[in-house]
Amino acid sequence: MTVPAGLADRFADLSGEPPVGIWSAPGRANLIGEHTDYNNGFVLPFAIDDRTWCAARANDVGLLRVASTAQPSTHSVAVAQLDSVGFEGWSGYALGVAWALHSMGQDLTDAPGIDILIDSTVPLGAGLSSSAALESAVAIALNDLWNLGLDRMTLAKVGQLAENGAIGAPTGIMDQVATLFGQEDHAVLLDCASLRTTAVPLHLEAHGLSLLVMDSKVKHAHADGGYASRREACERGARAMGVPFLRDLTVADLTRAREVLDDETFRRVRHVVTENDRVLATVEALSTVGPDAIGSLLLASHTSMRDDFEISVPEIDTAVEAAMDAGALGARLTGGGFGGSAVALVPTARKDKIADAVRTACAEHAFAEPEILDVSPAQGARCDQ
Ligand code: GLA
């Protein structure tokens, strides 16, 4: 996806001079590994083609000023006063990145103000990490303009801190890593304990396969209670089992977990423990056989999220079932849950039929018409010009 036409001109209209650069970062979908990141486990997301762009240039008034092509107002904060700000609305994700850099010890005493204009095609509230795309686009822009020299994993931590500390969403690090480390036709395996990333080839086109993202239009927000309550259940489960993180349990430990934990906590734990195994099995199947071999793992992941972790919604279940009935190899909720999107692995030759079947099934249930996107794993954050 290329820089939107007119973005540099709109920036110049707003700030009086053209931008010195335009940076961008993509949204993400998760192939498999849900609610495993904050349990120190494994995730396998990929970056999507939709991106968030950040046109920027330094100013001499000491203010970090952000505006968006979608919203008329400008939000600003003094670079010298980053420790005493409250953030609200979309701009909090951008200003929060500067706050996070400061909180993590970056000396911004001599850093100039920066003007930023944001444009984005990443759908909002669709479970495709529009927030991480915004954080990462701003993070790489500030890293360059302020000459910070930070590596990508540090920038991922900055984005996560912005999300946790400035926005108040207790999320893990998967989304920021996906948006910063994505590669074309690859998923990113992240071990959240070591923070080691491995690019995993998908070879979708060679196998005649495509990925559909089915946005249910049921909006979700990770600052709402559902995400945090699942995280708490995981932490409770780990404490009761005597381990620092659920990552430290294996499927063999589930027998004892069933005795020690109440039924609900046990099911939350079972999801995470089995999901970690499914991520590793998916990577193994991709490297030994290819993408045709991972469908049942995707579907098992969905079943586990629906029944054990209880984060799906009827709209997503309907989309998953309809896609499977119409010939998808596998399909599952993607992202934090409680709405958002499902992802389906489909034969390219059947993708239109499958998309139609999903729309028809949703209409039969009187659900909102899902938006169905044909996504290709894409390159991560970059400087575009
Ligand atoms: C959201 C969070 C991630 C991760 C997923 C669930 O996308 O931002 O950190 O926890 O939910 O896998």
Worksheet item: Hey, among the residues in the range 1-11 that are aliphatic (A, V, I, L, M) and part of a loop (DSSP other than H, G, I, E, B), which one's nearest to Gly380 (Cα to Cα)?
Response: Met1
Practice prompt. Could you list, in sequence order, all residues of the range 157-170 that are within 11 Å of the ligand (Cβ to nearest atom) and at pLDDT 95 or above?
Written response: Gly159, Gln160
Discussion item. On the basis of being buried (at least 24 other Cβ atoms within 10 Å of the Cβ), within 30 Å of Ser210 (Cβ to Cβ) and either more than 16 Å from the ligand (Cβ to nearest atom) or of a type in the set (A, V, I, L, M) (or both), does Ile32 make the cut?
Written reply: yes
Discussion item. Yes or no: the range 103-122 includes at least one residue that is assigned by TED's automatic domain parsing to the domain that holds Ala178, in a helix (DSSP H, G or I) and either within 14 Å of Gly165 (Cα to Cα) or in contact with a His (Cβ under 7 Å, 6 or more places away or on another chain) (or both).
Written reply: yes
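Would you check if Gly89 is more than 25 Å from the chain's Cα centre (by Cα), open to solvent by less than 70 Å² (accessible area, probe 1.4 Å) and either assigned by TED's automatic domain parsing to the domain that holds Trp146 or in contact (Cβ under 8 Å) with a residue 40 or more places away in the chain (or both)?
No: the conditions fail for Gly89.
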Practice prompt. Answer yes if at least one residue in the range 179-196 is within 16 Å of the ligand (Cβ to nearest atom), part of a helix (DSSP H, G or I) and open to solvent by less than 50 Å² (accessible area, probe 1.4 Å), and no otherwise.
Written response: yes
Practice prompt. Would you point out which residue out of Glu232, Glu284 is under 21 Å from the mean Cα position of the chain (by Cα), exposed (fewer than 15 other Cβ atoms within 10 Å of the Cβ) and of a type in the set (D, E, K, R)?
Written response: Glu232
Worksheet item: If you check Leu82 against the conditions, is it among the hydrophobic types (A, V, I, L, M, F, W, C), in contact with a helix residue (DSSP H, G or I) (Cβ under 8 Å, 6 or more places away or on another chain) and within 16 Å of the ligand (Cβ to nearest atom)?
Response: no
Discussion item. Quick test for you: out of Met241, Met214, pick the one residue that is more than 19 Å from the chain's Cα centre (by Cα), open to solvent by less than 50 Å² (accessible area, probe 1.4 Å) and modelled with pLDDT of 95 or more.
Written reply: Met241
Item to complete: May I ask you to say which residue of Ala29, Ala12, Ala56 is in the same structural domain as Val122 (by TED's automatic domain parsing) and without any contact (Cβ under 8 Å) to a residue 40 or more places away in the chain?
Response: Ala12
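For (1) of a type outside the set (Val, Ile, Thr); (2) within 16 Å of the ligand (Cβ to nearest atom), each residue gets a yes or a no:
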| position | (1), (2) |
| --- | --- |
| Val20 | no, no |
| Thr36 | no, yes |
| Val77 | no, no |
| Gly92 | yes, yes |
| Thr109 | no, no |
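Table: residues versus (1) open to solvent by less than 10 Å² (accessible area, probe 1.4 Å); (2) within 16 Å of the ligand (Cβ to nearest atom); (3) aliphatic (A, V, I, L, M); (4) without any contact (Cβ under 8 Å) to a residue 60 or more places away in the chain.
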| residue | (1), (2), (3), (4) |
| --- | --- |
| Met324 | no, no, yes, yes |
| Leu329 | no, no, yes, no |
| Gly339 | yes, yes, no, no |
| Ala349 | no, no, yes, no |
| Lys353 | no, no, no, yes |
| Ala357 | no, no, yes, yes |
| His365 | no, no, no, yes |
| Ile372 | no, no, yes, no |
| Asp384 | no, no, no, no |
Item to complete: Looking only at the range 111-119, decide whether some residue is away from the ligand (no atom under 16 Å from the Cβ) and either under 30 Å from Phe309 (Cβ atoms) or at pLDDT below 95 (or both).
Response: no
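Residue-wise test of (1) more than 9 Å from the ligand (Cβ to nearest atom); (2) small (Gly, Ala, Ser).
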position: Ala139; (1), (2): yes, yes
position: Leu142; (1), (2): yes, no
position: Thr154; (1), (2): yes, no
position: Asp175; (1), (2): no, no
Item to complete: Could you tell me which numbered condition Ala162 fails, if it satisfies all but one of (1) in contact with a helix residue (DSSP H, G or I) (Cβ under 9 Å, 6 or more places away or on another chain); (2) farther than 24 Å from Pro377 by Cα; (3) surrounded by fewer than 22 Cβ atoms within 10 Å (Cβ to Cβ)?
Response: (3)
Discussion item. Criterion first (touching a helix residue (DSSP H, G or I) at 6+ places or on another chain (Cβ under 7 Å), within 16 Å of the ligand (Cβ to nearest atom) and closer than 21 Å to Leu333 by Cα) does Val200 satisfy it?
Written reply: no
Worksheet item: How many residues are open to solvent by less than 10 Å² (accessible area, probe 1.4 Å), under 22 Å from Leu345 (Cβ atoms) and of a type outside the set (A, V, I, L, M) if we restrict to the range 36-62?
Response: 4
Worksheet item: Does Leu212 satisfy the condition of being part of a helix (DSSP H, G or I) and of a type outside the set (Asp, Glu)?
Response: no
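The values are calculated or read from the model by the stated rules, or taken from the named source; none is laboratory data. Computed from a predicted structure; not experimentally measured. Reconstructed Cβ throughout: ideal geometry from the backbone, glycine too, with neighbour counts over all protein chains shown. SASA here: full protein model, heavy atoms, side chains in, ligands and nucleic acids out. Shrake-Rupley method; radii C 1.70, N 1.55, O 1.52, S 1.80 Å.
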